[in-house]
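This report refers to the structure that appears directly beneath it.
What follows is calculated from the coordinates using simple rules that are stated; it is not laboratory data. Just so you know, these numbers come straight off a predicted model, no measurement behind them. Please note: Cβ atoms are built from the backbone with ideal geometry, for glycine as well, and neighbour counts cover all protein chains shown.
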Amino acid sequence: MKIAELRYYLSHLSKNELETLIVDLFKRNDFNKDLLETKINPENEQTLNQKYRKLIKDEFFPDRGGPKLRYSILRKAINDYKKISKKPELLADLMLYYVENGVEFTNEYGDINEDFYFKIENMFSKALDYIFKHNMEKKIEDRCLKITINSKGIGWGFSDSMADLFYDHYKSIDY
């Protein structure tokens with residue numbers, strides 16, 4: 001179905017039918033609920049950010065049981081939040097939170113594998129690009145530096161890659 005067809009269909013619905021359709025979409029899945037939440041109550045986006053942080057944390061450090069590290073869940077959390085977020089600083093926060101958990105995880109459990117490190121490096125790169133694109137680099141610089149420092153000594157060239165990413169973005173900083 002194309003958007004024009006959808007608009008035509010919606011234009012012929014009564015107010016009650018339209019409300020029923022929206023309520024049905026709301027009930028269908030969490031993403032729809034979160035999307036409508038940010039539209040209706042934009043001031044609640046911080047609370048929504050905490051929900052997505054919990055999804056990420058639970059993949060690395062669940063309250064019960066061992067780590068799952070389902071990359072599809074981690075990727076979906078970031079992508080879904082990106083679609084509903086109106087505040088760039090909260091999306092940047094979530095992206096960095098993913099990276100922070102990855103670095104903490106490997107410091108806690110020891111060397112993981114190349115794929116794991118690649119995914120963390122990739123998210124750090126995306127986060128840094130996003131941060132600079134939205135001119136947040138000064139506000140978030142200390143946090144990014146801390147991530148880089150915490151990755152020091154981690155194997156598979158991970159710490160070198162994290163440092164390279166940081167210094168490629170923060171070129172003018174001399175440490």
Filtering chymotrypsin sites (Phe, Trp or Tyr not before Pro) in the stretch 81-151 by DSSP loop and by at most 10 other Cβ atoms within 10 Å leaves none
Taking only Cα atoms, what is the 0 to 90° angle, nearest 10, from helix 45-60's long axis to the longest principal axis of the chain? 50 degrees
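Fully extended, how many nm does the chain gain between LYS86 and ASN135 (0.36 nm per residue separation, minus their Cα-Cα distance)?
Details: separation 49, 0.36 × 49 = 17.64 nm, distance 1.55 nm.
Length gained, LYS86 through ASN135: 16.1 nm.
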Would you list, by chain and number, the lysines whose Cα falls below 18 Å from the Cα of LYS133, excluding same-chain residues fewer than 8 positions away? LYS82, LYS83, LYS86, LYS87, LYS171
So if we plug the beta-carbon distance of LEU6 and TYR71 into 1/(1 + (r/R0)^6) with R0 = 41 Å, what FRET efficiency do we get, rounded to 0.05? 0.80
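Within 10 Å of each candidate Cβ there may be at most 10 other Cβ atoms; applying that plus a DSSP loop requirement, which trypsin sites (Lys or Arg not before Pro) in the stretch 78-175 survive?
Numbers: sites: LYS82, LYS83, LYS86, LYS119, LYS126, LYS133, LYS138, LYS139, ARG143, LYS146, LYS152, LYS171; in loops: LYS86, LYS152, LYS171.
Filter output for the stretch 78-175: LYS86, LYS171.
Under unit Cβ charges (Lys, Arg +1; Asp, Glu -1), what dipole magnitude, rounded to 20 debye, does the stretch 1-40 have relative to its Cα centre? List each step's numbers first, then the result.
Numbers: 7 positive and 7 negative charges, 22 e Å.
It comes to approximately 100 debye.
Check each of the trypsin sites (Lys or Arg not before Pro) in the stretch 1-67 and keep only those in coil by DSSP with at most 12 other C-beta atoms within 10 angstrom; list them in order. Working shown, then result.
On the way: sites: LYS2, ARG7, LYS15, LYS27, ARG28, LYS33, LYS39, LYS51, ARG53, LYS54, LYS57, ARG64; in loops: LYS2, ARG64.
In loop regions of the stretch 1-67 (DSSP not H, G, I, E or B), the sparsely surrounded trypsin sites (Lys or Arg not before Pro) are LYS2, ARG64.
For PHE61 and LYS15 in one chain, what is 0.36 nm times their gap in residues minus the Cα-Cα distance, to one decimal in nm? Intermediate values should be presented prior to the final figure.
Working: separation 46, 0.36 × 46 = 16.56 nm, distance 4.57 nm.
This chain segment gains 12.0 nm when fully extended.
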Might you report the magnitude of the Cβ-based charge dipole of the stretch 42-169 about its Cα centre, with Lys and Arg at +1 and Asp and Glu at -1, to the nearest 20 debye? 620 debye
Based on other C-beta atoms within 10 Å, arrange MET136, MET1 from fewest to most. MET1, MET136
I want to check the label-to-label distance for LYS39 and GLU104. Put each point 7 Å from Cα in the C-beta direction and report it in nm to one decimal. 3.4 nm
Hey, what angle do you get for helix 71-84 against the long axis of the chain, alpha-carbon based, 0 to 90 degrees rounded to 10? 60 degrees
By how many degrees, between 0 and 90 and to the nearest 10, does the Cα long axis of helix 88-109 differ from the longest principal axis of the chain? 50 degrees
